[in-house]
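To start, the structure under review is shown below, and the notes come after it.
The values are calculated or read from the model by the stated rules, or taken from the named source; none is laboratory data. Given the structure is predicted, the values throughout are model-derived calculations rather than measurements. Using ideal geometry, Cβ is built from the backbone for each residue, glycine included, and neighbour counts are taken over all protein chains shown.
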Amino acid sequence: MATHAGLKVVVIGAGPAGVRAAQTLVAAGLRPVVVDEGRRDGGQIYRRQPEGFKRSYETLYGTEAARAATLHHDFDALRTHIDYVPDTLVWNVTPKSVHLVSGSHYQELAFDTLIVCSGATDRLMPVPGWHLAGAYSLGGAQVALKSQGCAIGARTVMMGSGPLLYLVAAQYVKAGATVSAVLDTSTFGQRVRALPDLLQLPAALRKGMALLRVLRRAGVRVHRGITPLAIDGTPEHGVAGVRVKLADGSEHRVPCDAVALGYHLRSETQIADLAGCAFAFDRRARQWLPEIDEDGRSSVPGIYLAGDGARVRGADAAERAGRLAALAALQDMGAGPSGTLAEAARLRGELARYTRFAQGLRTAFPWPAQFAAALPDHTVVCRCEAITAGELRRVVRETGATEANRAKAFSRVGMGRCQGRFCAHAGAEVIAAEARVPLEAVGRLRGQAPVKPLTMTLSAAADSAEESQHDAQQGVCRIKDVKEFSE
Ligand SMILES: Cc1cc2nc3c(=O)[nH]c(=O)nc-3n(C[C@H](O)[C@H](O)[C@H](O)COP(=O)(O)OP(=O)(O)OC[C@H]3O[C@@H](n4cnc5c(N)ncnc54)[C@H](O)[C@@H]3O)c2cc1C
């Protein structure tokens, strides 16, 4: 497996950011290794359907069909110039090595340069009953539709805030599913305040408004300015309805058998954390984010962060950020092609508009931090370990643990399968409210390897004639094939 001038470059993620980073490296004569835990490329938004599924691009990606087709086409054209390792998780990073696992096989892979394009996941705020069967994240509801062509329920309520709320609701409607209501915690006034920033990308704004028209035409009720009260149901039968307080103060119940929840997105930062990158608290987003310069250089030399995994700015921005990070890496390796500086300046200028638009989204669809303080004690905060808000508050009061990692040690909030990905933000808000300290004083959960659960029995990757034949047909590498790279 050849590497240009001996440079070993690894890209984590084959979404918009990772594909553009890889493409930029290949254009400069490098042969990067691209690792993705997904079975196919495309990342979150342009997720390719499983082999054998035959839905059209228009059906799958709607207004984004042309962009999806271009990214897939460009990635296919790269396949013979990169070592693509799908279906493989990067579960740890140590100095100059990534640790991979695929099924029950592991492999360590040395790198000179690492470009992390790890994307984002839903940002969630607990509500009583969200642990019942039938309660999903908005992203989970979308994945069910995109990859399996099925809805999460016969009558689904979408609740939370953010662009994904309306997008998933509209996608469900278009797919013929019944959306019983869209319950949005943000208000019309917040949208109006965000307008100057949102107008940075008028086309994106128009797409958002088109989603509302889809819902209106389908007769879906949209309530804004709501406060979630509870998801009703039983452990035996799962979700039966959603109760909210409407903007006028009245209580309202929507019967349903499934709920999709979410409050915009949070960056997947565990890999950056394990790599030792410095983080800073972003007051507006109320979250800790890895520090990057405007090109995506992290605080660790040789490690670059791009796409939603560094800053949530959407897919178009992710493509630009991936390219920019690769150009920065090439420049730092002394391998920058001619015209790099001008191209980088253009990309920075474009990204500045996406950054303002992203600020607008935060203003229009704010993270409802205030709900954490008001959660009833019986609300489950950590679904993996079944720890309630009351238990977390007791730990804060009785042990004085107001720092996130100490509170985790005493309460187990964030210690389960999801490693805090879905409860850490809300857990920190609960701690801050109980201890009456600013959120930044609570700190953040330290990333721990493995980033996701691994099987108990791992073995070094080995050759199998059958697998090799299959891989050659599919144009993919397995982790055993990248051995030479680490030598
Ligand atoms: C659930 C969800 C649904 C979304 N839906 C839409 C939508 O419909 N329309 C829209 O405009 N935007 C949507 N977005 C936003 C959009 O997906 C992103 O803006 C865009 O995909 C960002 O591109 P990216 O390359 O930064 O990350 P992604 O596209 O998320 O790609 C990241 C890739 O990294 C891989 N990865 C992450 N960690 C590891 C690891 N440790 N080891 C190996 N591989 C790893 C993942 O498998 C993934 O393929 C959605 C976001 C989320 C989270």
Quiz item: Based on what the data block shows, is ARG348 more than 26 Å from GLY29 (Cα to Cα), in the same structural domain as VAL26 (by TED's automatic domain parsing) and not aliphatic (A, V, I, L, M)?
Solution: no
Exercise. Consider ARG266 carefully, then state whether it is of a type in the set (Lys, Arg), within 21 Å of ILE45 (Cβ to Cβ) and in a loop (DSSP other than H, G, I, E, B).
Key: no
Quiz item: Just to be sure, is GLY160 within 10 Å of the ligand (Cβ to nearest atom) and on the phi > 0 side of the Ramachandran plot?
Solution: no
Self-check item: Members of the range 163-181 that are among the aliphatic types (A, V, I, L, M), within 26 Å of PRO366 (Cα to Cα) and more than 13 Å from the ligand (Cβ to nearest atom)
Solution: VAL173, VAL179, ALA181
Quiz prompt | Selected residue (only one of VAL244, VAL300, VAL254, VAL259 is closer than 30 Å to LEU445 by Cβ, more than 16 Å from the ligand (Cβ to nearest atom) and in the same structural domain as GLY208 (by TED's automatic domain parsing)) | solution = VAL244
Quiz item: Out of all the residues in the range 52-72, is one or more assigned to a loop (DSSP other than H, G, I, E, B), near the ligand (Cβ under 10 Å from one of its atoms), surrounded by 22 or more Cβ atoms within 10 Å (Cβ to Cβ) and assigned by TED's automatic domain parsing to the domain that holds THR340?
Solution: no
Quiz item: Applying the selection to the range 136-157, what residues are under 12 Å from ASP122 (Cβ atoms) and either more than 8 Å from the ligand (Cβ to nearest atom) or touching a Pro at 6+ places or on another chain (Cβ under 8 Å) (or both)?
Solution: TYR136, ALA141
Quiz item: Just a yes or no: is a residue in the range 105-117 near the ligand (Cβ under 9 Å from one of its atoms), of a type in the set (A, V, I, L, M) and closer than 23 Å to ILE303 by Cα?
Solution: yes
Quiz item: Is it true that some residue in the range 105-116 is at positive phi, modelled with pLDDT under 95 and in the same structural domain as VAL35 (by TED's automatic domain parsing)?
Solution: no
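If you go through the range 143-151 one residue at a time, do you hit one that is in the same structural domain as ALA260 (by TED's automatic domain parsing), part of a loop (DSSP other than H, G, I, E, B) and under 30 Å from ILE431 (Cβ atoms)? Break it down into steps so the answer makes sense when it comes.
In the first step, residues of the range 143-151 are kept if they are in the same structural domain as ALA260 (by TED's automatic domain parsing); the result is 143-151.
Next cut, part of a loop (DSSP other than H, G, I, E, B) only: 149-151.
Cutting the leftovers down to under 30 Å from ILE431 (Cβ atoms) gives us none.
No, the range 143-151 contains no residue that is in the same structural domain as ALA260 (by TED's automatic domain parsing), part of a loop (DSSP other than H, G, I, E, B) and under 30 Å from ILE431 (Cβ atoms).
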Self-check item: Failed item, numbered, when GLY276 is tested on (1) under 28 Å from ASN92 (Cβ atoms); (2) crowded, with 16+ Cβ neighbours inside 10 Å
Solution: (2)
Quiz item: Out of all the residues in the range 303-351, which are of a type in the set (Lys, Arg) and either within 12 Å of the ligand (Cβ to nearest atom) or not in a helix (DSSP H, G or I) (or both)?
Solution: ARG311, ARG313, ARG320, ARG323
Quiz item: Is it the case that the range 243-250 has a residue that's free of Cβ contacts under 8 Å to residues at least 24 places away in the same chain, at negative phi, basic (Lys, Arg) and assigned to a strand (DSSP E or B)?
Solution: yes
Self-check item: Which numbered condition ALA389 fails, given (1) outside the structural domain of ASP232 (by TED's automatic domain parsing); (2) within 20 Å of ALA401 (Cα to Cα)
Solution: (1)
Quiz item: Could you say which residue among VAL93, VAL98, VAL19, VAL34 is assigned to a strand (DSSP E or B), within 17 Å of ARG323 (Cα to Cα) and within 14 Å of the ligand (Cβ to nearest atom)?
Solution: VAL34
Quiz item: Any idea which of (1) buried (at least 23 other Cβ atoms within 10 Å of the Cβ); (2) within 16 Å of the ligand (Cβ to nearest atom) is the one ASP295 doesn't satisfy?
Solution: (1)
